[in-house]
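> Below is a structure I'd like to ask you about.
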Amino acid sequence: MTSPAHRPPPDARVHRQPGDGWVECACGARHWGLNGAAGLLLWRPGPAGVEVVLQHRALWSHHGGTWGLPGGAITDGESPRAGAVREAAEEAGVPTAAMRLRADRALVHPDWSYTTVLAEAVAPLDPSVTDPESLEVRWVGLDGLDGLDLLPAFADALPELRRMLRRLVIVVDAANVVGSRPDGWWADRAGATRRLRDHLAALVREGLPARAVGLPGGSWFPDVVLVTEGAARSVEAVDGVSVVSADGHGDDALVAVVRRLVRDPANDVLVTTADRELVGRVEELGARVAGPRLVRN
């Protein structure tokens, strides 16, 4: 996506900050953001379908009057994800606590890049114009996008971004994944499962490559459900990893979790196990499957 570039604004309330400036790119275009730029695609599921937050760009800005994402230049030392979240707070009043990052997508030019960060609204929020860079900020249903004059680069990226408006949920067969590596887990099954849980929590924070989970974009930040059984039933949940303790057979508990999750059309359910019988059961429900290596490495 090309930059949400700026001409010098007529309003003194727009402050320049480190990272603001033009890049003369070898692609032949001029882009805004010395460190690149980023924008936030905030979405929420609703009874009438998915809605996204869009910004009606100020007339003095590049492609003024079009609709795009809250975003802008990345400051010195800032990650694209942090930049997108900051810009959404500054331009649309979106509180960080009301969203959960789901994925990102980068468009890389020879000398510049633009990162779209996708996040789901997980609490009620009412975006609004909070600086002079916007004429309007509001929720828009996907069906209503065709009637808007979109920022050209946003329009170009939209087909892939539409396929990314989902949450990835990874359901982990704890016993099978722990048992996939002969590292002495049998001496302390609960301890081995806690180590797996903590590793999963790190994956949630850092993200998984899109190619590893069979999805478009760059990285995905999943919800994780760890299904435990037997001696590992005492393992507790941590931030980013919920735990389901099986009262009986672990496979049956995992299938019940998958059956519940696939009812939500916003969920893309991916089960990690090497158990062939379990693979067949969850695939019949509509879940995808990956081997233990996905979450062990």
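> Find the eigenvalues of the gyration tensor of the Cα atoms of the chain, then list the square roots of 5 times those eigenvalues as equivalent ellipsoid semi-axes, largest first, in whole angstrom.
Details: eigenvalues 338, 75, 53 Å².
So the three semi-axes of the chain are 41, 19, 16 Å.
> Across every pair of different alpha-carbon atoms, what Kirkwood hydrodynamic radius in Å does the range 36-93 reach?
On the way: mean 1/r = 0.0819 Å⁻¹.
Hydrodynamic radius (Kirkwood, Cα only) of the range 36-93 equals 12.2 Å.
> If you take every DSSP beta bridge fully contained in the range 167-296, what fraction is antiparallel? Give it as a percent rounded to 5.
Once the DSSP bridges in the range 167-296 are tallied, antiparallel ones form about 15 percent.
> Calculate how many DSSP beta bridges within the chain are antiparallel, expressed in % of all such bridges and rounded to the nearest 5.
Values: 32 of 60 bridges.
Counting DSSP beta bridges with both partners in the chain, the antiparallel share is about 55 percent.
> To two decimal places, what compactness ratio does the range 167-296 give when its Cα radius of gyration is scaled by 2.2 N^0.38 Å?
Its radius of gyration relative to the 2.2 N^0.38 Å reference: 0.97.
> Still on this structure, please answer the following. Looking at Pro132, Ala174, Ala29, which one has the Cα that reaches farthest to the positive end of the dipole of the chain (charges on Cβ: Lys, Arg +1; Asp, Glu -1)?
Comparing the listed Cα positions along the dipole, Ala174 ranks first.
> Please report the antiparallel percentage of the DSSP beta bridges confined to the range 22-162, to the nearest 5.
75
> Calculate the length of the line joining the C-alpha centroid of the range 119-175 to that of the range 50-110, in whole Å.
The range 119-175 and the range 50-110 have Cα centres separated by 10 Å.
> Would you mind counting up the charge near Asp126? Only other residues with Cβ under 15 Å from its Cβ, with Lys and Arg at +1 and Asp and Glu at -1.
Numbers: positive: Arg44, Arg138; negative: Glu51, Glu91, Glu136.
Spelling it out: positives minus negatives among the neighbours equals -1.
> For a Förster distance of 22 Å, can you work out the FRET efficiency between the beta-carbons of Asp183 and Val279, rounded to the nearest 0.05?
0.40
Every number in this text was worked out from the coordinates using simple rules, so none of it is lab data. Keep in mind it's a predicted model, so treat the numbers as computed, not measured. Please note: Cβ atoms are built from the backbone with ideal geometry, for glycine as well, and neighbour counts cover all protein chains shown.
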